[in-house]
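Notes follow the structure.
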Amino acid sequence: MTSPEQLPTPRGRRRPAGIAEPLRAAGQRRRRLGDAGAYLVLLVGAVLTLGPFVLSFMTAFKTPQQFASESSLAPPDPVTGENFARLFAEGGFVSPVVVTAQVVLVVVVGQLVFSIMAAFAFARLRFRGRDALFWLFLATLMVPQVVTVIPLYTMFTAVDARNTFWALVLPFVFGSPYAIFLLREYFRGIPADLIDAARIDGAGTWRILWLIVVPLSRPIIATLVIITVVTHWNNFMWPLIITTGPTWQTITVATAALQSQYNANWTLVMAATTVAMAPLLVVFALFQRHIVSSISLTGFR
Amino acid sequence: MTVPSLPRPSAAVRAGGRPRRRLRGDAPAAWALLAPSLAGILAFLVLPILVVVWLSLSRWDLLSPIRFVGLDNWVEVLTDGRLGHSLLVTVLFVLMVIPLQTALGLAMALLLSRGLPGSWFFRVVYVVPWICAPLALGVVWRWIFSPYGGALNALLGTDVEWLSDPDLALPVVAAVSIWSQVGYTTLFFMAGLAGIPTQVLEAAALDGAGAWSTFWRIKLPLLGPTTFFVLVTGVIASFQAFDQIYALTPNGGPQGATDVIATRIYLEAFQGGFNLGGASVMALVLFAVLVVVTLLQQRFFAGRVTYDLS
């Protein structure tokens, strides 16, 4: 009810109430019609957005028999967990979930700790070459992943570290230029007086960073945790290239492999995509307000 | 309590008054804090660029030792048409995705910014595809488009081979890409619209501007920076699109119809040919293309993005 478009119309302001009344009524009618149209379009958009999810979840809970005999739009009857049971037993989907969770955990912790350290140095310490070095960090944001995967593959082959846990995490664990950039912006906004006061009280750089700067930066750190979890849970190209066989497959790689192995077995494949998407959807449902506002805040893609 | 009034300022505070000493005083701590991320960036972002240049000048099939071959790969890749085809497919893909995605994002943002009750719900719903793995969504859509038990043919009562028809495959893949990114684009336009000062809109209303001219003459020009951001990041992301396209149409699609540059690089390097040298050339070409596109967009918008009302 407080949208800027619902301000009094200019005519209503200038003319006596008797003439303005019918005009205002006409305007309101138009607005109500416009609102109805807007709702209609928004609703169509929501159905188009959620439709594929609903259909795929439905399929994941159908028996293969029902899938084969009935329309694929029919709701599951009976509702069955057999696709998931088969996925975890025969499809070997336990390991990918565990591997992905481990990768995400290690990358999130490493990337945040190291990014926070670097961002603090860039934001709050003075040293020779700081600006040039910061530009180098920023410039690496321009490098597309497609360009680095081939040389990284070669490098990991050279040290015989292909298809290992370390190959999955090392390229990402030492911090991300993007996170460093965002954290630096945030740290610069922290009042210098606070930091100076801590210095006077005898706190060293390390303590100031973890006991004053980090607690004050909780919003941006929460945002980065979400972004990093999403990115690395969903990461596909690098794990696809650097792993072979089931041992270190991540959830996305396992889903792609399952899809090509059980080609027309869609109830099983939709169980796999459900497992791949569900954890993040739950996280999203819990923190949607924060997540939605942090996307537009950070420009993360 | 201000710093100078303290009876015994510590060494750090005194150094703060003299930038030169502070400069030296901070350096060891700064380098210690920077060491891990600097090492990571040098090893996993800078070194790979040098390696990819060197690989582009070498021949290697993952088995025999790497051999220096000069510009052979460059000549081969730039003359044999595969790269040209992939670049063409990629440009077509970008041209299908970007205008629609941007226009739809803007339209939805305008609808959501009417302040209707329940807008928040729609805003959240539209972001859902963004949170999910593009690979998983690609697999879901592959089922939807599947001619055997796929949802779309069941819905339409048709029998179309959406993904194996060379004429349909690329538009279909582009549609999925638009579907998964409109909500993300919408968020940015909403933020941009929220940033337009109400006084400006009120002034326009007082001057008798209708919704139509308010949009074209006020909102759209003031959204310049947002549009620029959305276009630059959108074009860069679409040029590198891989996961979804790989899930929908592995191996470049029917008759190479969806053989975008990222897929081509992957297939060239890791499937069939194991031609890492050729793939490296393509990767460097893509890199160059992205740099040029970014600079062009910057130049195009340089004269237009001048409204700063913040």
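Each value in this text was obtained by applying a stated rule to the coordinates, not by laboratory testing. Please read these numbers as outputs of a predicted model, since none were measured by experiment. Every residue, glycine among them, receives a Cβ derived from its backbone with ideal geometry; neighbour counts consider all protein chains shown.
Things to note:
- Note on A:Asn263/B:Leu92: beta-carbon distance plugged into 1/(1 + (r/R0)^6) with R0 of 25 Å gives a FRET efficiency of 0.35.
- Student exercise, the stretch A:119-275 dipole from Lys, Arg, Asp, Glu Cβ charges, in Debye to nearest 20: 300
- Sequence-ordered 3J(HN,Hα) estimates for the stretch A:164-171 from the Karplus curve with 6.51, -1.76 and 1.60 and θ = phi - 60° stand at 10, 4, 5, 4, 6, 9, 3, x Hz, glycine and proline given as x.
- Selection among A:Asn234, A:Phe88, A:Met142 by position relative to the dipole of the stretch A:83-298 gives A:Met142 as farthest towards the positive end (Cβ unit charges, Cα centre).
- The mean count of C-beta atoms from other chains within 10 Å of the C-beta of residues in B:181-190, rounded to a whole number, is 3.
- Built amide H within the under 5 Å cut-off of B:Arg59, gap 5+: B:Arg67, B:Phe68, B:Val69
- The sum of -39500 (n - 2.57) across all DSSP H runs of n ≥ 4, divided by the residue count of chain A, sets its helix-only mean residue ellipticity at 222 nm to -23500 deg cm²/dmol.
- Dimensions of the stretch A:49-183 from C-alpha coordinates, computed as largest minus smallest value along each principal axis and given longest first, are 71, 38, 25 Å.
- The stretch A:134-231: proportion of alpha-carbon pairs further apart than 24 angstrom, %: 42
- Only the Cβ atoms of Lys and Arg (+1) and of Asp and Glu (-1) were treated as charged; on that basis the dipole of the stretch B:73-302 about its Cα centre amounts to roughly 640 debye.
- Listed values for the stretch B:236-247 are Karplus-derived 3J(HN,Hα) couplings in whole Hz (6.51 cos²θ - 1.76 cosθ + 1.60, θ = phi - 60°), namely 4, 5, 5, 5, 9, 3, 9, 3, 5, 5, 5, 5, and x replaces Gly and Pro.
- One way to sum up the overall shape of chain B is the equivalent ellipsoid from its Cα gyration tensor, whose semi-axes run 41, 37, 19 Å, largest first.
- Dividing the mean sequence gap of close Cα pairs (under 8 Å, 6+ apart) by how many residues chain A holds gives a relative contact order of 26 percent.
- Between the stretch A:226-261 and the stretch B:254-282, the C-alpha centres lie 19 angstrom from each other.
- Across the stretch B:49-160, C-alpha contacts under 8 Å between residues 6 or more apart give a mean separation that, scaled by the residue count, equals a relative contact order of 9 percent.
- Dividing the summed -39500 (n - 2.57) terms of all DSSP H runs of n ≥ 4 by the residue count of chain B sets its mean residue ellipticity at 222 nm at -22000 deg cm²/dmol.
- Shielding by partners - mean other protein chain Cβ count within 10 Å, residues of B:56-66: 1
- Equivalent ellipsoid semi-axes, the stretch B:196-310, via Cα gyration tensor eigenvalues times 5, rooted, Å: 44, 16, 9
- Placing +1 on each Lys and Arg Cβ and -1 on each Asp and Glu Cβ, with no other charges, gives the protein assembly as shown a dipole about its Cα centre of roughly 2960 debye.
- Counting Cβ atoms of other protein chains within 10 Å of each residue's Cβ and taking the mean over peptide A:115-123 gives 5.
- Convex hull of the stretch A:83-298 built on C-alpha atoms - directionally averaged projected area, nm²: 14.5
- Dimensionless Rg over Rh [the stretch B:122-234; C-alpha; Kirkwood]: 1.15
- Summed residue charge, Cβ within 11 Å of B:Gly210's Cβ, Lys/Arg positive, Asp/Glu negative: +1
- Relative contact order (%) - chain B, alpha-carbon pairs under 8 angstrom, separation at least six: 25
- When peptides B:121-129, A:155-163 are sorted by average Cβ neighbour count within 10 Å, with the highest value leading, the order is B:121-129, A:155-163.
- Scaled radius of gyration (Cα, divided by 2.2 N^0.38 Å) that the protein assembly as shown gives: 1.08
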